[in-house]
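K.L.:
Here it is, the structure in full.
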Amino acid sequence: MRKKVIAGNWKMNMDLHQSQKLVSEILNGLGRDNKAEIIVCPPFTSLSEVNSLIKSTKIKLGAQNMYYEESGAYTAEISADMLMSVGCEYVILGHSERRVIFDESDDQINKKMKAALAKGLKPIFCVGELLEQRESGETMKVISAQIEKGLEGVTSEQMKNIIIAYEPVWAIGTGKTATPEQAQEVHSFIRELVAKKFLVSVSENLIIQYGGSVKPENAGELLSQKDIDGALVGGACLKADLFLGIIASA
Ligand code: PEP
């Protein structure tokens with residue numbers, strides 16, 4: 001049985017005080033008996049402070065991006081070591097906003113993937129098709145290319161530390177959610193791909209999250225699908241009651 005993993009991507013929201021308030025509200029509202037693993041991914045500027053608030057709780061810390069070099073003249077970039085020094089266990093890589101707005105290529109994502117894994121940071125690796133790609137029947141081709149390229153050179157052993165997040169780009173921040181059937185179809189395709197590329201046991205243990213306008217109202221049905229093991233949440237993770245509602249459905 002795979003555990004459910006619910007992660008909140010705060011994106012470029014929440015200054016330091018708002019971050020402290022949000023994480024405190026989440027902590028206060030968490031039931032003792034919830035079974036899901038919970039990850040919060042605040043902006044870089046709040047990581048350290050959020051880490052002190054969640055230390056010794058069941059909430060884990062993630063960052064939203066990193067650079068693949070170890071150190072040096074890379075103005076404004078953040079390394080894996082830096083993230084780990086402020087308590088990060090996870091890092092989101094390949095988010096569609098990084099791919100589309102900041103032109104991040106599969107090759108750069110792959111370099112980040114290998115650098116994160118080499119340091120012991122666990123990637124939440126995002127893949128997903130654009131609306132026009134879905135409409136022209138290219139979804140599986142796009143997903144398969146993103147996975148092949150993003151995971152090039154990654155070993156079966158390292159796959160134990162990777163979460164894949166399927167995030168159809170047309171569903172991110174739009175209020176449009178993939179139907180549970182649409183999401184399940186792609187999740188099962190991803191699991192088969194991973195089984196072929198690595199081992200069946202790797203694919204059986206792989207956590208595959210769905211992301212794209214997840215809310216408390218649709219989380220239960222999405223999370224009840226066979227191959228949906230959690231959610232990567234954007235908008236709804238900025239309100240404690242909504243994020244807690246999603247956690248409660250897991
Ligand atoms: C995301 O950006 O990862 C995301 C899923 O956003 P939203 O939940 O707002 O669609």
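The values are calculated or read from the model by the stated rules, or taken from the named source; none is laboratory data. Being a predicted model, the structure only gives us computed values, none of them experimental. Using ideal geometry, Cβ is built from the backbone for each residue, glycine included, and neighbour counts are taken over all protein chains shown. The protein model used for the area step is the full one, side chains on, heavy atoms only, and it has no ligands, DNA or RNA in it. Shrake-Rupley method; radii C 1.70, N 1.55, O 1.52, S 1.80 Å.
K.L.:
Name the residues whose placed amide hydrogens come within less than 5 Å of the amide hydrogen of ALA165, ignoring near sequence neighbours (fewer than 5 apart) on the same chain.
P.N.:
Here PHE125, CYS126, VAL127, GLN209 satisfy the definition.
K.L.:
So how strong a dipole does the stretch 43-189 carry about its Cα centre when Lys and Arg Cβ are +1 and Asp and Glu Cβ are -1, to the nearest 20 debye?
P.N.:
Charge dipole of the stretch 43-189: 560 debye, to the nearest 20.
K.L.:
How much accessible area per residue does the chain have, counting only protein heavy atoms and a probe of 1.4 Å, in square angstrom?
P.N.:
46
K.L.:
Taking only Cα atoms and a 10 Å spring cutoff, compute GNM fluctuations for the chain and point out the largest among PRO123, PRO216, PRO42.
P.N.:
Judging by the Gaussian network model, the answer is PRO216.
K.L.:
Please say if the stretch 127-166 is rounded, prolate or oblate, where rounded means a/c under 1.5 for a ≥ b ≥ c the square roots of the C-alpha gyration tensor eigenvalues, and otherwise the choice is prolate for a/b larger than b/c and oblate otherwise?
P.N.:
Since a/c reaches 1.5 and a/b is larger than b/c, the shape of the stretch 127-166 is classed as prolate.
K.L.:
What relative contact order, as a whole-number percentage, does the chain give when Cα pairs under 8 Å and 6 or more residues apart are counted?
P.N.:
22
K.L.:
Rounded to the nearest 5, what is the percent of antiparallel bridges among the DSSP beta bridges in the chain?
P.N.:
Around 0 percent of the beta bridges assigned by DSSP in the chain are antiparallel ones.
K.L.:
Just how large is the dipole of the chain about the Cα centre, in debye to the nearest 20, putting +1 at every Lys and Arg Cβ and -1 at every Asp and Glu Cβ?
P.N.:
Its charge dipole is roughly 680 debye.
K.L.:
A further question on this structure: Counting only protein heavy atoms, what percent of the accessible surface of the chain is carbon or sulfur at a 1.4 Å probe?
P.N.:
52
K.L.:
Per DSSP helix of 4 or more residues, -39500 (n - 2.57); summed, then divided by the residues of the chain. What does that give at 222 nm, rounded to the nearest 500?
P.N.:
The helix contribution divided over the chain gives -13000 deg cm²/dmol.
K.L.:
Also: From the phi of every residue in the stretch 50-56, what ³J(HN,Hα) in whole Hz does the Karplus formula 6.51 cos²θ - 1.76 cosθ + 1.60 yield, where θ is phi - 60° and glycine or proline is x?
P.N.:
5, 4, 5, 6, 9, 3, 6
K.L.:
Related question: Each residue of the stretch 210-226 in order: what ³J(HN,Hα) in whole Hz does its phi give by Karplus 6.51 cos²θ - 1.76 cosθ + 1.60, θ = phi - 60°, with x for Gly and Pro?
P.N.:
9, x, x, 6, 6, 9, x, 6, 10, 4, x, 5, 5, 6, 8, 5, 3
K.L.:
In terms of modelled amide H atoms, which long-range or inter-chain residues lie less than 5 Å from the amide H of VAL91?
P.N.:
Sorted by chain and number, the residues that satisfy this are ALA63, LYS122, ILE124.
K.L.:
Is the chain rounded, prolate or oblate when judged by the Cα gyration tensor, a ≥ b ≥ c being the square roots of its eigenvalues, rounded requiring a/c under 1.5 and prolate requiring a/b larger than b/c?
P.N.:
Rounded, because the longest to shortest axis ratio a/c is under 1.5.
K.L.:
For each pair in LYS21/LYS239; LYS3/LYS197; LYS11/LYS197; LYS3/LYS111; LYS112/LYS149; LYS60/LYS111, compute the distance between the two Cα atoms and list the pairs where it is over 20 Å.
P.N.:
The pairs that break the limit, which is 20 Å between Cα atoms, are LYS3/LYS197; LYS11/LYS197; LYS3/LYS111; LYS60/LYS111.
K.L.:
With the dipole of the stretch 74-123 worked out from charges on the C-beta (+1 for Lys and Arg, -1 for Asp and Glu) around the Cα centre, which of HIS95, MET82, SER105 lies farthest toward the positive end?
P.N.:
Of the candidates, MET82 comes out farthest on the positive side.
K.L.:
Whole angstrom only: what separates the Cα centroid of the stretch 1-61 from the Cα centroid of the stretch 100-120?
P.N.:
23
K.L.:
Right, here's the next one. In the chain, if the dipole is taken from +1 on Lys/Arg beta carbons and -1 on Asp/Glu beta carbons about the Cα centre, which of THR57, ALA171, MET140 is farthest to the positive end?
P.N.:
THR57
K.L.:
Using θ = phi - 60° and the Karplus relation 6.51 cos²θ - 1.76 cosθ + 1.60, list the HN-Hα couplings for the stretch 139-148 in order, rounded to whole Hz, with x at every Gly or Pro.
P.N.:
Once θ is set to phi - 60°, the couplings for the stretch 139-148 become 3, 5, 5, 5, 4, 5, 5, 4, 6, 4 Hz.
K.L.:
Whose amide H sits under 5 Å from the amide H of ALA231, counting only residues 5 or more places off or on another chain, with H placed in the peptide plane?
P.N.:
VAL5, ILE6, ALA7, TYR210
K.L.:
With +1 assigned to the C-beta of every Lys and Arg and -1 to the C-beta of every Asp and Glu, and no other charges, what is the dipole magnitude of the stretch 1-122 about the Cα centre in debye, to the nearest 20?
P.N.:
Result for the stretch 1-122 is approximately 700 debye, rounded to the nearest 20.
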